[in-house]
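Worksheet: the structure to be examined is printed underneath.
The values are calculated or read from the model by the stated rules, or taken from the named source; none is laboratory data. Just so it is clear, the structure is predicted and the values come from calculations on it, not from any experiment. Quick reminder, even Gly has a Cβ in these numbers, built from the backbone with ideal geometry, and neighbours come from all protein chains shown.
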Amino acid sequence: MGIVLKFEKREVSSWVSALAPYASIPIAFLVMAIALYLTGYDPLLGFTSFFHGAFLSQLGLVTSLARSTAFLLMAVGIGLALNAGVLNIGGEGQYIIGAIVATAIVITTQDFLPPLVSLILALTGSLVAGALWALVAGVLKAYMGVNEVITTIMMNILAFRLLQWVLRGPLKNPLSEAWPMSPPLKPHLLELVPGTTFNIGFLLALLVAILTQFILYKTTIGYKIRITGANVDAALYGGINVKNIVILAFMYSGALCGLAGAVDILGVFHFLYEGISIGLGYTSVVVALVGRSVPVLIIPASLMFGCIYNGFTHLQSALGVSYTLSKAIEGVIYLVILVIHLSTEYRVKVLVR
Amino acid sequence: MDIKRERDEYIVEMKGITKRFPGVLALDKVDFNIKRGEIVALLGENGAGKTTLMNILYGLYVPDEGEIYVDGVEVSIRSPADAIRLGINMVHQQFMLIENFTVLENIVLGSKLLGVKLDYRRAVEECNKISKALGFSIPLQRRVSELSAGERQRVEIVKALIRKPRVLILDEPTSVLTPQEVKELFKLLRDLKGRGISVVFISHKLNEVLEIADRIVVLRRGKKVGELSRELADPLLLAKMMVGKETLITLNKSTASVGDVVLLVKDLTVYGDDQRVAVNNVSLRVRRGEIVGIAGVAGNGQKELAEAIYGLRPVASGKIFLDGVDVTKMSIKDRLKLGISYVPQDRIRYGVVRAFTLIDNVLIDRVDEEHFNKKLLFFNLIDVKKVTKHAEELIMKYEIVAPHAYVKAGTLSGGNIQRLILARELERAPKLMIAEEPTAGLDIKATEYIRQKLLDMKASGVGILLISSDLSEIFQLSDIIAVMYNGEIVGVFKPEEISYEDIGFYMTGLYKMPREEVLKRWESY
């Protein structure tokens, strides 16, 4: 006797599977209400503050959009790698590296270069740095078959240690004694709504998503990426250099994650500190999965995750919930969305025998 | 209980089974039944619905309509586990083995031997008993990934038999076996029949069906079109039922004038997946307008030879020249440019991407060809319009049965997948084609079509290296026959110089031509 869970892939129309994650939101809210009630908070107040922070207030909405920018860039990158059949868990590290390099470039150039030039140099530098950081995992995967999940996680840890070091060393703000942080960055990305963190990076991310969609489905290189992920043996048979494709996919993925770090530093935080590493790179993997690794589907997915993220930030301060508890509930919400998404693609059967 | 069983002489009855797939009516109210200790053949072309019907009995698909009775009781079979519990077992044409597991682990998996503690000793005993009865040995400790197609099939059969089935379904079981092995398999099936086990034998080979079956059920396009006892069946009648028209066309084997050497293989040695020598010091040559047939039992180095020539497998020593160019170390991409083409035996693994549309599948080895591309800024775009038009032309020209070019390749039947691959490769206008088991598992119509295409190609000046374990195919098509055994070429002949029987002796290692004689014959032919 035993209980067996069985997963069967089922045929669903692409519409159903694209919309399913959004249909799961009511269930996610139910879970949230129960969690708040059980921990002694007022669920109703929780909801009002959540929605207020998510999109019902103007400030909430634009802050959510600002937050979804990084999700969008990283999830599009991770999604492209998923199309090539590799899982880039290293978004977090690549994001940190992009942020460090952008900060370094702006600090060294802001005093003598025009702000725009300084910003463009910083964004470009973060693209290159993120790509190179991901290249390590790509080469190890392509030429030695080392599992990319392990290498990218290790590179994340390395990136975070590097961040701690630069904040206490080369990028340290001499005026800040107690708190490790960089000097403030003078040039900022153009604010789309003045006085908020909602900046032009959002439009850049949209552009990148559309460009990636175009590359994946219209170009020969996109075809090679997709065939490598869909059937690597057929790709080899077709004379496609699979090793190069895997490395390229990693570099593209890393470049976008690095860019996300730079956009957040230059548009949202305006200085570098340890608090930039809050697990956005990991959440972006979920965003990419919910968007089914298709860039145009990742756009609404990242908007949703931006709203949830910001809603929780607001809920936390309105209810006085501890940071860890609010993060835990947030994590449960992501899990609910992911499970419902998967259960539309798979039929789950419980067999008792 | 006993009285009831007496009355219900049918162990399995399927009534009015209907199954729809997107855009296709795969089965249309099909009835099927089998008695205890009976061998029933399910005959039909590829795509007729034979495998689908049996997949339903095995619980892989759920029927849209219809009922299934086992021992006269209506049952609902929702998974293979349900089927196995009812004593129904199936050996698939495409192997369902776990590559990274050893043979023994694969056999134990899903059998009753898989308790809390693995009883390997008993498993080994059981396997030995069965393989002894079958008359072949199975390498229990080797990994499945190292085995040839023929060996994998044997593992599948043993795996099914160890579960002590009451009904055994075999899907095209003979497609990778030698004539001797087929005989042994038939002996075993009669043995099983004697012990009261019922066998469903899915096939499209008339002579085999007539030899082994008690009863023959013919399917065509998802419908049952006939049911005959063996005594009443004759080959012509069955062939007519299967395809709905006369099919026995004689192939048009024109004698093209042979031209320059297009493929030259010199002293080639290649290792197999198990790091043992698979191709041993092989030399051969193919000229334009010539078909060189490599005969041999599957698993004697033919696959490794083909993969090495195409570039999928590294060469240990020796040289390969394509159209006079040394390609021994060249990438597949560059070999493709020189005009090589490969129709692989493992169609599903190498030949197509099942999740891609037919349009995308047309591009697998052609994506970089300039006439399919267009430029936009610094991007190389796929000229979708042109490729779609090309795919639609191929569907028409090669009579691929598909509703349109936007369907996924995975929805096509085996014969149509092979037509698609052949269409793609022929349209590339190659100089050399390696055709590996090009008609294995295909029905008469598709087989004849593909053989005629190969002859037409040859007539147009293409050099063809035909690798086949089907002797009639080798004799029907080849201008020169080379026999491979144990990684070596053990004989080179003109088809008119040698009989089937003698080739059989070379294939099984009883005869061997000295290497000097082999080399001399390559020179003189």
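Condition test on residue A:230, is it farther than 18 Å from residue B:381 by Cα, buried (at least 23 other Cβ atoms within 10 Å of the Cβ), among the hydrophobic types (A, V, I, L, M, F, W, C) and in contact with a helix residue (DSSP H, G or I) (Cβ under 9 Å, 6 or more places away or on another chain)?
No: the conditions fail for residue A:230.
Out of all the residues in region A:83-90, is one or more modelled with pLDDT of 90 or more and assigned to a helix (DSSP H, G or I)?
Yes, that holds for at least one residue.
Only residues that are within 21 Å of residue B:413 (Cβ to Cβ) and surrounded by 15 or more Cβ atoms within 10 Å (Cβ to Cβ): list them for region B:60-87, please.
Answer for region B:60-87, where residues must be within 21 Å of residue B:413 (Cβ to Cβ) and surrounded by 15 or more Cβ atoms within 10 Å (Cβ to Cβ): B:60, B:61, B:63.
In region A:82-109, what residues are free of Cβ contacts under 8 Å to residues at least 24 places away in the same chain and either buried (at least 17 other Cβ atoms within 10 Å of the Cβ) or small (Gly, Ala, Ser) (or both)?
A:105, A:109 - these are the residues of region A:82-109 that are free of Cβ contacts under 8 Å to residues at least 24 places away in the same chain and either buried (at least 17 other Cβ atoms within 10 Å of the Cβ) or small (Gly, Ala, Ser) (or both).
Quickly run through region B:154-192 and pick out the residues that are at negative phi, of a type in the set (D, E, K, R) and over 15 Å from the mean Cα position of the chain (by Cα).
Answer for region B:154-192, where residues must be at negative phi, of a type in the set (D, E, K, R) and over 15 Å from the mean Cα position of the chain (by Cα): B:159, B:163, B:166, B:181, B:183, B:184, B:187, B:190, B:191.
Quick check: anything in region B:268-278 within 14 Å of chain A (Cβ to nearest Cβ) and closer than 30 Å to residue A:85 by Cβ?
Checked region B:268-278: at least one residue is within 14 Å of chain A (Cβ to nearest Cβ) and closer than 30 Å to residue A:85 by Cβ.
Can you tell me which of A:215, A:200 is within 23 Å of residue A:277 (Cα to Cα) and in contact with a Gly (Cβ under 8 Å, 6 or more places away or on another chain)?
Only one candidate qualifies: A:200.
If we keep just the residues of region A:110-132 that are of a type in the set (S, T, N, Q) and farther than 20 Å from residue A:251 by Cβ, which is surrounded by the fewest Cβ atoms within 10 Å (Cβ to Cβ)?
For region A:110-132, the residue satisfying everything is A:110.
In region B:291-314, what count of residues is obtained for those that are touching a Lys or Arg at 6+ places or on another chain (Cβ under 7 Å) and more than 14 Å from every other protein chain (Cβ to nearest Cβ)?
Of the residues in that region, 2 qualify.
If you scan region B:482-509, which residues turn out to be surrounded by 16 or more Cβ atoms within 10 Å (Cβ to Cβ), of a type in the set (Gly, Ala, Ser) and at pLDDT below 80?
Hit for region B:482-509 is B:504, nothing else.
Report, by residue number, each residue of region B:74-88 that is basic (Lys, Arg) and more than 16 Å from residue B:159 (Cα to Cα).
B:78
Suppose we filter A:132, A:127 for residues that are within 19 Å of residue A:266 (Cα to Cα) and part of a helix (DSSP H, G or I); which single one remains?
After ruling out the rest, the residue left standing is A:127.
Please go through region B:445-482 and pick out each residue that is acidic (Asp, Glu) and closer than 18 Å to residue B:431 by Cβ.
B:456, B:479
Taking residue A:263 as the residue in question, decide whether it is under 18 Å from residue A:98 (Cβ atoms) and at pLDDT 90 or above.
yes
So which of A:312, A:271 is in contact (Cβ under 8 Å) with a residue 24 or more places away in the chain and touching a strand residue (DSSP E or B) at 6+ places or on another chain (Cβ under 9 Å)?
Within the list A:312, A:271, the selection yields A:271.
Identify, from the list B:373, B:380, B:361, the residue that is over 26 Å from residue B:259 (Cα atoms) and either acidic (Asp, Glu) or modelled with pLDDT of 90 or more (or both).
B:361
Scan region B:329-350 residue by residue and report those that are touching a Phe, Trp or Tyr at 6+ places or on another chain (Cβ under 7 Å) and under 21 Å from residue B:408 (Cβ atoms).
B:344, B:350
Identify the single condition in (1) assigned to a helix (DSSP H, G or I); (2) at the interface with chain A (Cβ under 10 Å from one of its Cβ atoms) that residue B:422 does not satisfy, given that it satisfies every other one.
(2)
Looking at residue B:189 and the list (1) buried (at least 19 other Cβ atoms within 10 Å of the Cβ); (2) of a type in the set (A, V, I, L, M); (3) not in a helix (DSSP H, G or I), which single condition is not satisfied?
(3)
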